[in-house]
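Below: the structure, in structure tokens.
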Amino acid sequence: MQKAEERLENIEKRLARLEARMEVENLAGKYARWMAEGRFGEILEKLWSRRRDRTLEEGAFGVYSDTQLPLFGLDSYYNQRYGMPVPGKKNPEQRGRMTIVTFSSPDIAIDESGMTAAGSWMCVGNESRVWFDGDMSGLPSVDAKPADKDGRRHAAFWVWQRYQAEFIQEDRQWKIWKMHIWDIFRCPYDEDWISYAGKRYADDEYMDSQIRFGDNPTHSVYPTTEHWQYAPDRTAPRWPDQFL
């Protein structure tokens with residue numbers, strides 16, 4: 001039979017793990033809200049770990065890490081992917097852009113040390129993207145549209161994803177340490193994902209437009225580790241469990 005001291009110690013450990021889980025869930029919720037608000041600079045500054053070995057991988061874009069040259073660090077990722085303002089550089093306006101990340105089905109584990117955690121979520125979302133006159137989107141349906149009076153062209157996408165992340169405590173606060181995002185499918189709002197997936201796999205231009213962003217065709221030094229996206233002749237994979 002456990003002694004009272006041992007029982008109390010176990011209760012305190014369980015309570016600490018429950019509190020850590022809630023804090024990680026709150027961190028994920030804040031990340032989702034700030035994504036919708038376009039607060040990418042604050043996401044980097046306040047939600048991400050400052051460790052140089054932090055990494056971010058989305059779809060087939062490759063792995064971004066601050067252990068590489070600055071061109072391939074997380075700042076570069078957010079700038080190229082979302083047009084985040086960078087000091088000393090001219091950046092596209094944010095008007096008309098929006099990225100909605102809606103997390104569901106959280107699966108979170110706290111390490112025995114209480115200093116690291118891992119979690120995974122399914123994500124239903126959408127993107128409103130903007131291209132300026134003269135910039136090619138890689139999507140014929142978008143590039144054929146005339147620009148509006150401000151010289152911009154827009155496109156709306158449905159995006160379903162899986163997020164998996166590792167977290168670490170820094171100064172008694174949880175921070176994002178590593179993140180891997182699988183693009184399960186994306187399609188324009190006026191097309192279904194089945195027919196659009198067929199176009200993507202049949203036409204290199206469509207595929208290229210989905211795995212690259214910005215003007216630089218090479219976006220990271222480290223290649224994509226694992227990626228899966230929907231196609232009519234594919235079955236869903238078993239995504240890896242939590243990292244812990």
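The values are calculated or read from the model by the stated rules, or taken from the named source; none is laboratory data. These numbers come from a predicted model, not from an experiment. Because the Cβ atoms are built from the backbone with ideal geometry, glycine has one as well, and the counts that use them run over all protein chains shown. SASA here: full protein model, heavy atoms, side chains in, ligands and nucleic acids out. Shrake-Rupley method; radii C 1.70, N 1.55, O 1.52, S 1.80 Å.
For the range 44-53, does any single residue satisfy the condition of being aliphatic (A, V, I, L, M), at pLDDT 90 or above, open to solvent by less than 30 Å² (accessible area, probe 1.4 Å) and under 23 Å from E226 (Cβ atoms)? Walk me through it before giving the result.
Keep residues of the range 44-53 that are aliphatic (A, V, I, L, M), which gives 44, 47.
Next, only the ones that are at pLDDT 90 or above stay: 44, 47.
Subsequent filtering for residues that are open to solvent by less than 30 Å² (accessible area, probe 1.4 Å) retains 44, 47.
Filter once more, keeping what is under 23 Å from E226 (Cβ atoms): none.
Within the range 44-53, none of the residues are aliphatic (A, V, I, L, M), at pLDDT 90 or above, open to solvent by less than 30 Å² (accessible area, probe 1.4 Å) and under 23 Å from E226 (Cβ atoms).
If I filter the range 18-43 down to residues being touching a helix residue (DSSP H, G or I) at 6+ places or on another chain (Cβ under 9 Å) and either without any contact (Cβ under 8 Å) to a residue 40 or more places away in the chain or of a type in the set (S, T, N, Q) (or both), which single residue comes out as surrounded by the most Cβ atoms within 10 Å (Cβ to Cβ)? Steps first, answer last, please.
Start the filter on the range 18-43 by keeping residues that are touching a helix residue (DSSP H, G or I) at 6+ places or on another chain (Cβ under 9 Å), which leaves 27, 30-31, 34-35, 38-43.
With either without any contact (Cβ under 8 Å) to a residue 40 or more places away in the chain or of a type in the set (S, T, N, Q) (or both) added as a condition, the list becomes 30, 34, 39, 42-43.
Values: K30: 15, W34: 17, R39: 17, E42: 13, I43: 20.
Top of the filtered list is I43.
Is it the case that D150 is surrounded by fewer than 18 Cβ atoms within 10 Å (Cβ to Cβ), modelled with pLDDT under 85 and more than 14 Å from G59 (Cβ to Cβ)? Write out each step before concluding.
Details: surrounded by fewer than 18 Cβ atoms within 10 Å (Cβ to Cβ): yes; modelled with pLDDT under 85: yes; more than 14 Å from G59 (Cβ to Cβ): yes.
When the stated conditions are applied, D150 passes them.
Each row is one residue, and each column tells you yes or no for (1) of a type outside the set (A, V, I, L, M, F, W, C); (2) modelled with pLDDT under 70; (3) open to solvent by 60 Å² or more (accessible area, probe 1.4 Å).
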residue: V130; (1), (2), (3): no, no, no
residue: P140; (1), (2), (3): yes, no, no
residue: D143; (1), (2), (3): yes, no, no
residue: A155; (1), (2), (3): no, no, no
residue: R162; (1), (2), (3): yes, no, no
residue: D183; (1), (2), (3): yes, no, no
residue: Y189; (1), (2), (3): yes, no, yes
residue: W193; (1), (2), (3): no, no, yes
residue: D215; (1), (2), (3): yes, yes, yes
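Considering each of A155, A165, A147, A118 in turn, give the residue that is part of a strand (DSSP E or B) and touching a Lys or Arg at 6+ places or on another chain (Cβ under 6 Å). Outline the logic, then answer.
On the way: A165 fails: touching a Lys or Arg at 6+ places or on another chain (Cβ under 6 Å); A147 fails: part of a strand (DSSP E or B); A118 fails: touching a Lys or Arg at 6+ places or on another chain (Cβ under 6 Å).
That would be A155, the only listed residue that is part of a strand (DSSP E or B) and touching a Lys or Arg at 6+ places or on another chain (Cβ under 6 Å).
Restricting the first residue to the range 62-85 and requiring it to be assigned to a loop (DSSP other than H, G, I, E, B) and buried (at least 20 other Cβ atoms within 10 Å of the Cβ), which pairs with a second residue that is of a type in the set (D, E, K, R) and at pLDDT below 80 meet a Cβ separation below 8 Å and a spacing of at least six or different chains?
Going by the 8 Å Cβ cut-off, there are no qualifying pairs.
Of the residues R97, R153, R129, which single one is touching a residue at least 40 places away in the same chain (Cβ under 8 Å) and of a type in the set (K, R)? Steps first, please.
Values: R153 fails: touching a residue at least 40 places away in the same chain (Cβ under 8 Å); R129 fails: touching a residue at least 40 places away in the same chain (Cβ under 8 Å).
On inspection, the qualifying residue turns out to be R97.
For the range 217-244, which residues satisfy the criterion of being modelled with pLDDT of 80 or more and open to solvent by 60 Å² or more (accessible area, probe 1.4 Å)?
Matches in the range 217-244: T225, E226, P232, D233, R234, T235, A236, R238.
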